[in-house]
Amino acid sequence: MTRQFVFTSESVGAGHPDKMADNISDAILDAVLRTDPKARVACEVLVKTGMVVVAGEITSHAQIDYSQVARDTILDIGYDDDAIGFDGRRCAVVLALTEQSPDIS
């Protein structure tokens, strides 16, 4: 019996909130690992107009200003004015980060 499959994929363009979220989570991971190569990072980012949510678990001795990393990344992408839909200087950044359980390693 021949099985048929349908292959689907999603592709989003520059400026899509998923792209911005990926850039922010990558920047957070890079910032942590630069200071603490043995850090454990499980971080997700959600972006909605005027707001960024950074949530997850990070175990590290690195002292990182996660809000500033998010803002700097948004500004680097070019979102610096509410008139274009987002301003990295003025957006809300919500942090919901804790350390990972020591049972996870």
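The values are calculated or read from the model by the stated rules, or taken from the named source; none is laboratory data. On a predicted model such as this, the values are computed, not experimentally measured, just so you know. Quick reminder, even Gly has a Cβ in these numbers, built from the backbone with ideal geometry, and neighbours come from all protein chains shown.
With respect to the conditions (1) surrounded by fewer than 12 Cβ atoms within 10 Å (Cβ to Cβ); (2) within 28 Å of A83 (Cα to Cα), V54 falls short on a single one, namely (1). Residues that are modelled with pLDDT under 95 and aliphatic (A, V, I, L, M) within region 63-79 comprise just one, I77.
This table checks each residue for (1) in contact (Cβ under 8 Å) with a residue 40 or more places away in the chain; (2) outside any loop (DSSP other than H, G, I, E, B); (3) out of contact with any Gly (no Cβ under 7 Å at 6 or more places or on another chain); (4) among the aliphatic types (A, V, I, L, M).
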position	(1), (2), (3), (4)
Q63	no, no, yes, no
Q68	no, yes, yes, no
D72	yes, yes, yes, no
L75	no, yes, no, yes
R89	no, no, yes, no
V94	yes, yes, yes, yes
L97	yes, yes, no, yes
Q100	yes, no, yes, no
D103	no, no, yes, no
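Name the residues in region 1-39 that are closer than 30 Å to P102 by Cβ and within 15 Å of the chain's Cα centre (by Cα), would you? Those that are closer than 30 Å to P102 by Cβ and within 15 Å of the chain's Cα centre (by Cα): A21, D22, I24, S25, D26, A27, I28, L29, D30, A31, V32, L33.
Looking for whichever is farther than 27 Å from R90 by Cβ, free of Cβ contacts under 8 Å to residues at least 40 places away in the same chain, of a type outside the set (G, A, S) and exposed (fewer than 15 other Cβ atoms within 10 Å of the Cβ) here; the options are E44, E10. Which one fits? Spell out the reasoning first.
On the way: E44 fails: farther than 27 Å from R90 by Cβ.
One residue alone meets the criteria, E10.
In region 76-101, which residue that is surrounded by 15 or more Cβ atoms within 10 Å (Cβ to Cβ) and not charged (D, E, K, R) is nearest to A39 (Cα to Cα)?
Of the residues in region 76-101, the ones surrounded by 15 or more Cβ atoms within 10 Å (Cβ to Cβ) are 77, 79-80, 86-88, 91, 93, 97, 100.
The next check asks that each one be not charged (D, E, K, R); those that pass are 77, 79, 86, 88, 91, 93, 97, 100.
Numbers: I77: 26, Y79: 30, F86: 31, G88: 27, C91: 28, V93: 23, L97: 14, Q100: 10 Å.
The extreme case among them is Q100.
The set of residues in region 7-51 that are within 14 Å of A70 (Cα to Cα), assigned to a strand (DSSP E or B) and touching a Ser or Thr at 6+ places or on another chain (Cβ under 8 Å) comprises C43, E44, V45.
Do we have any residue at all in region 33-40 that's under 21 Å from C91 (Cβ atoms), free of Cβ contacts under 8 Å to residues at least 40 places away in the same chain, of a type in the set (A, V, I, L, M) and surrounded by 17 or more Cβ atoms within 10 Å (Cβ to Cβ)? Scanning region 33-40, I find no residue that is under 21 Å from C91 (Cβ atoms), free of Cβ contacts under 8 Å to residues at least 40 places away in the same chain, of a type in the set (A, V, I, L, M) and surrounded by 17 or more Cβ atoms within 10 Å (Cβ to Cβ), so the answer is no.
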